[in-house]
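Structure first, then comments.
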There are 2 protein chains.
Amino acid sequence: MAEATVQPGADYCATYDPSSPATRDALRERLLDVAGLSELFKVLSDETRTRILYLLSLQELCVCDIADVLDMSLPAVSHHLRLLKAHRLVKYRREGKQVYYSLDDDHIVGLISLAQAHYAEGR
Amino acid sequence: MAEATVQPGADYCATYDPSSPATRDALRERLLDVAGLSELFKVLSDETRTRILYLLSLQELCVCDIADVLDMSLPAVSHHLRLLKAHRLVKYRREGKQVYYSLDDDHIVGLISLAQAHYAEGR
DNA sequence: AATACAATTAAACGGTTGCTTAATTATAGG
DNA sequence: CCTATAATTAAGCAACCGTTTAATTGTATT
């Protein structure tokens, strides 16, 4: 393992020695803060799903219209909507033959905006 | 395609008719706003990577320490760091035999916080 | 030089994922 | 009751992804 990054006596330094078992365990405990977080990001990791979510942030749409705008097959879109539904990111209402979807959670818009800001900084 | 969701004459309604080619094209144009965004989310979609990024938000660490804390093989960790490097999310400096990594972008912390807030709301 | 350790890279394998085609359910209209 | 349209579901397939093992590079030590 690595040696201490802090010189002996340099206790003003905020960093811990990762080679010490105590610090290692402390860091492991902190990891619980982000447990399961990647699951949400996994939903957003597909281009089609971010497009669907962004469309729904603009207006309510039925499945066939989403498919039309995205130029995709209906089953493919339905497949993604099912996943978004399972994660409580979208809600739906039936109106005759159509089923209209809309956002169920505004956090998503915030995540998308933040990601946009990331790219906006010349990356 | 779907019929208009707005009754004729109800032009106070903010929603557009998605079945009209003009609206369809307008929506398609808006999609450019989120083009490529999922790529960033894809990086965060892996649990190991979110854990690495969160660890690095706490303190600078070398590869073998990350591997130790996460209880993973060195090549596996290195593999992920390579991807994070390619996306300019982490930076590194060599110090002797070790290579120390740290966050290169604070946006990531914001994204993680926002995702945490999402789950904090009883979902 | 030679050895040891940290890190990276490459190849290969197993699991996951997203799309397609086909079949099924649901609702509206003739 | 039958047909047509919207949507969902299921099965199958190709592509992608993360890990492992093994080999290679780089740096420090003796």
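Shortest first, residue A:117 label-point distances to identical copies amount to 0.9 nm, with the label point at 7 Å from Cα along Cα→Cβ.
Summarised as an ellipsoid, segment A:35-114 has semi-axes of 21, 13, 12 Å, derived from the eigenvalues of the Cα gyration tensor scaled by 5 and square-rooted, with the largest first. Each of A:39, A:29 has some number of other Cβ atoms within 10 Å of its Cβ, and from fewest to most they run A:29, A:39. For segment B:55-123, the list of GluC sites (Glu not before Pro) that fall in a loop by DSSP and count at most 15 other C-beta atoms within 10 angstrom reads B:121. Distances, shortest first, from the label point of residue B:86 to those at the same position in the other copies read 2.7 nm; the point lies 7 Å along Cα to C-beta. For segment B:78-123, the dipole from Cβ point charges (+1 on Lys and Arg, -1 on Asp and Glu) about the Cα centre works out to 340 debye, to the nearest 20. Residue order for B:50, A:48, fewest other beta carbons within 10 angstrom first, comes to A:48, B:50. Counts of other chain beta carbons within 10 angstrom of each beta carbon in peptide A:108-116 average 5.
Placing a label point 7 Å from the Cα of residue B:57 along the Cα-to-Cβ direction, the distances to the matching points in the other copies come to 1.9 nm, shortest first.
FRET efficiency for the residue A:119 to residue B:78 pair, using the beta carbon distance and R₀ = 25 Å, is estimated at 0.45.
Between residue B:57 and residue B:35, the FRET efficiency from the beta-carbon distance, with R0 = 45 Å, is close to 0.95.
FRET efficiency for the residue B:48 to residue A:102 pair, using the beta carbon distance and R₀ = 41 Å, is estimated at 0.75. Checking the cross-link filter: which lysines have an alpha carbon closer than 23 Å to that of residue A:91, excluding same-chain neighbours under 8 positions apart? Once the sequence-local lysines are set aside, what remains near residue A:91 is A:42. Annotation: aspartates and glutamates with alpha-carbon distance below 14 angstrom to residue B:97 (same-chain offsets under eight excluded): A:3, B:65.
Every number here is computed from the coordinates shown, using simple stated rules; none is lab data. The model shown is predicted, which means the values in this text are computed figures rather than measured ones. Methodologically, a virtual Cβ is constructed for each residue, glycine included, from the backbone with ideal geometry; neighbour enumeration extends over all protein chains shown.
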